[in-house]
Every structure is written in structure tokens, then in C-alpha cells.
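The values are calculated or read from the model by the stated rules, or taken from the named source; none is laboratory data. Source: prediction; values computed, not measured. Every residue, glycine as well, gets a Cβ built from its backbone with ideal geometry; the counts of neighbours run over all protein chains shown.
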Amino acid sequence: MRQPNFDFEPDPQPSPEQIERDKTREIYRARLAEKLKDPEFRKIEGFPIGTDEAILALSDPPYYTAYPNPFLEEWLAENAVPYDADTDEYHREPFAADVSEGKNDPIYNAHSYHTKVPHKAIMRYILHYTEPGDVVYDGFFGIGMTGVAAQMCGNKEQVESLGYRVLEDGTILDEDGKPFSKFGARKAALNDLSPAATFIAYNYNTPVDPVVFEREAKRILAAC
Ligand SMILES: C[S@@+](CC[C@H](N)C(=O)[O-])C[C@H]1O[C@@H](n2cnc3c(N)ncnc32)[C@H](O)[C@@H]1O
């Protein structure tokens with residue numbers, strides 16, 4: 001029988017972005033551990049039954065928490081612009097077109113969910129209604145395809161696969177060559193009742209280091 005090979009390369013050096021992200025994670029993890037000691041915090045409807053350690057292990061604060069995210073308000077204060085009726089000039093005509101996307105995209109097939117929507121279908125709405133950097137909220141996100149779509153608005157290949165064209169200055173032209181949007185990722189705030197769905201959505205939407213991912217996947221395959 002073939003013997004498993006666990007002799008893999010050591011971890012590559014983490015990127016500067018990864019180091020920054022890890023620092024943020026540590027700060028929020030300590031804050032979350034403090035919050036978990038507050039009995040009032042645990043009274044939030046739907047709060048999971050579990051030890052502090054289990055809840056902390058499942059969570060990746062401030063990006064993902066395995067219960068209503070206590071950092072959401074802070075994040076919105078940093079990332080969203082409050083609505084002001086006196087100065088607001090936002091206007092879009094209603095999006096009126098048939099939207100049809102196949103279900104054979106590798107991202108779509110990475111994980112199943114009973115009511116999953118292909119992210120490319122959602123991208124069309126996000127590109128129509130929002131600007132780069134805007135916050136998109138989905139309160140019933142399932143496994144997070146709205147988040148994937150929001151991020152993919154900053155991926156030229158994905159945007160052009162919808163039949164649009166991205167110009168050098170970031171203008172996006174529709175199928176008729178008419179400018180209608182700007183190229184660039186949007187930010188997503190996501191919420192769902194199902195713990196399994198939120199966990200899958202978190203993994204769909206969190207950047208991974210592809211080198212480490214490939215090595216770990218091969219290690220698990222070899223172990224199996
Ligand atoms: C139609 S699915 C959304 C699927 C999503 N578009 C996707 O691509 O994965 C509706 C979701 O709403 C969630 N849901 C139902 N009631 C909810 C509630 N009161 N609060 C939050 N989420 C809820 C369900 O768990 C389900 O995942």
C-alpha cells in the first residue's frame with residue numbers, strides 16, 4: 001500500500017497584508033474574549049450555546065463571529081457614509097433586464113446550498129446600483145454569494161465575463177458600449193440565521209494564501 005507523505009515544505013513567509021490582518025485579528029480576539037464575559041451580551045436572541053473557547057475558536061473577529069457581530073456598528077462607522085437627505089444625490093434608474101446565469105462556474109460548485117444564487121447574477125445588480133467601496137448589505141445571505149459578487153466587482157476577468165468592457169480609467173461599458181458603472185470591489189456586510197451557512201460564507205469570502213492552501217489540501221489528501 002502507498003504510504004502517505006507528510007514531508008512538505010515549511011510555511012512560506014506571510015505577506016505584509018497577512019501580517020497586518022493577523023495583528024488586527026489578535027486585537028479583536030482579545031476584545032471578543034472580554035465581551036463574552038458579559039452576561040447581557042449572551043442574552044442576544046439566537047446566541048449559540050457553547051463555551052467561550054468554542055465560540056472564539058469558531059470566530060474570526062472582526063470579520064466573522066459565530067453569533068450577531070458586536071463589531072458591525074464600528075465597521076459601518078468606518079466604512080459607510082451616513083444617509084443625509086439634504087445632500088444626497090444618489091439616483092439610478094431601476095435595473096430592468098432578464099438575468100440568467102449558469103450553475104457550472106467553479107465558484108458556484110465549490111459548495112452546495114439549497115437556495116444558492118450564482119454570484120455573477122448578483123454582480124449585475126451591484127454594478128448597476130453601487131460605486132466602488134460602497135457597502136452592500138444582505139441580511140439573508142445564505143452562503144454569501146452577495147459577498148463574493150461584491151468582491152468580484154474588482155476582478156476585470158469576472159466583470160468582462162458578463163459581457164461588459166472595463167476601460168483603463170475604470171469605467172465599465174455595458175453590452176451596448178454605454179458607460180454605466182465603475183470598476184472596483186464593493187464591501188459586503190452579511191448576515192444569516194443559519195450557523196452552517198455563515199461558516200461557509202465566511203470561508204467563501206475570506207482571502208486565503210493560495211500557496212499555504214494548496215500545501216494543506218495536499219497534506220489532507222495524502223493523509224486520507
Ligand atoms: C433564499 S436563501 C438566500 C441564499 C443566498 N442568496 C445564497 O446565494 O446563498 C435565504 C436565507 O435566509 C436565511 N434566513 C431565514 N430567516 C432569517 C432571519 N430571520 N434572519 C436571518 N436569516 C434568515 C436562511 O437561513 C437562508 O439561508
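Given the structure, is ARG124 farther than 25 Å from ASN191 by Cα and not assigned by TED's automatic domain parsing to the domain that holds ALA30? Taking the combined requirement at face value, the residue does not satisfy it. Give the residue, chosen from ASP134, ASP138, that is in contact with a Leu (Cβ under 8 Å, 6 or more places away or on another chain), in contact (Cβ under 8 Å) with a residue 24 or more places away in the chain and either under 16 Å from ALA80 (Cα atoms) or not assigned by TED's automatic domain parsing to the domain that holds GLU175 (or both). Answer to the selection: ASP138.
With respect to the conditions (1) away from the ligand (no atom under 14 Å from the Cβ); (2) under 16 Å from TYR204 (Cα atoms); (3) touching a His at 6+ places or on another chain (Cβ under 9 Å), CYS153 lacks only one, and its number is (3).
Here the range 92-125 is the region considered, the condition is being in a loop (DSSP other than H, G, I, E, B) and of a type in the set (A, V, I, L, M), and the residue that is surrounded by the most Cβ atoms within 10 Å (Cβ to Cβ) is VAL117.
Within the range 65-87, track down each residue that is assigned to a loop (DSSP other than H, G, I, E, B) and surrounded by 13 or more Cβ atoms within 10 Å (Cβ to Cβ). Explain how you work it out, then say what you get.
Quick first cut of the range 65-87, residues assigned to a loop (DSSP other than H, G, I, E, B) only: 65-71, 80-87.
Scanning the range 65-87 gives THR65, ALA66, TYR67, ASN69, PRO70, PHE71, ALA80.
Among the criteria (1) without any contact (Cβ under 8 Å) to a residue 40 or more places away in the chain; (2) within 11 Å of the ligand (Cβ to nearest atom); (3) of a type in the set (Asp, Glu), the one ASP105 does not fulfil is (2).
Answer yes or no: is there a residue in the range 173-185 that is farther than 20 Å from ARG92 by Cα and over 22 Å from the mean Cα position of the chain (by Cα).
First, pick out the residues of the range 173-185 that are farther than 20 Å from ARG92 by Cα: none.
No.
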